[in-house]
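Right, one structure below, let's go through it.
The values are calculated or read from the model by the stated rules, or taken from the named source; none is laboratory data. Note that the structure is a prediction, hence the values are computed from the model and not measured. When we count neighbours, we look across all protein chains shown, and the Cβ atoms used for this are built from the backbone with ideal geometry, even at glycine. Note: areas computed on protein heavy atoms with side chains; ligands, DNA, RNA excluded. Shrake-Rupley method; radii C 1.70, N 1.55, O 1.52, S 1.80 Å.
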Amino acid sequence: MGQPPTEATKGLVLRDYQLRSKRQTYEAMRSNRKVLMVAPTGAGKRVMICDIAIDGVNHGKRIMVVTDRRTLVNQMADECSSLGIEHGLVMG
């Protein structure tokens, strides 16, 4: 983490409803320290998380994604790898 995203991340395109969710999440983060973004199955949460992570890394932030399923951890890692986002995994 901490490295700027590679050229691969520039091809990431969000749908209108994903952009709306991202904007609402950022608005909530301005006035709340703890924010939870919720979206239904198939809404593209991994893509939204990656886009938010790219923004954070570009602003010198570190991002932590927490999930209770190893499958989701692996899917998220694959998504980050495909977009050139440097990442690490911690599983217990």
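With the helix formula -39500 (n - 2.57) applied to DSSP H stretches of n ≥ 4, the chain reaches a computed 222 nm mean residue ellipticity of -15500 deg cm²/dmol. Is the shape of the chain rounded, prolate or oblate, going by the alpha carbon gyration tensor and its root eigenvalues a ≥ b ≥ c, with a/c under 1.5 for rounded and a/b larger than b/c for prolate? Here the chain falls in the rounded category. Heavy-atom surface analysis with a 1.4 Å probe gives the chain a carbon and sulfur content of 52 percent of its accessible area. Loop-resident trypsin sites (Lys or Arg not before Pro) (DSSP state other than H, G, I, E or B) in the range 36-92 with no more than 11 further Cβ atoms inside 10 Å of their Cβ: Arg62, Arg69.
Per residue, what accessible area does the range 43-92 have, given a 1.4 Å probe and all protein chains present, in Å²? Mind showing how you got there, number by number?
On the way: 3290 Å² over 50 residues.
I get 66 Å² per residue for this part.
When the chain is described by a simple charge dipole with +1 on each Lys and Arg Cβ and -1 on each Asp and Glu Cβ, the residue from Leu12, His87, His59 located farthest towards its positive end is His59.
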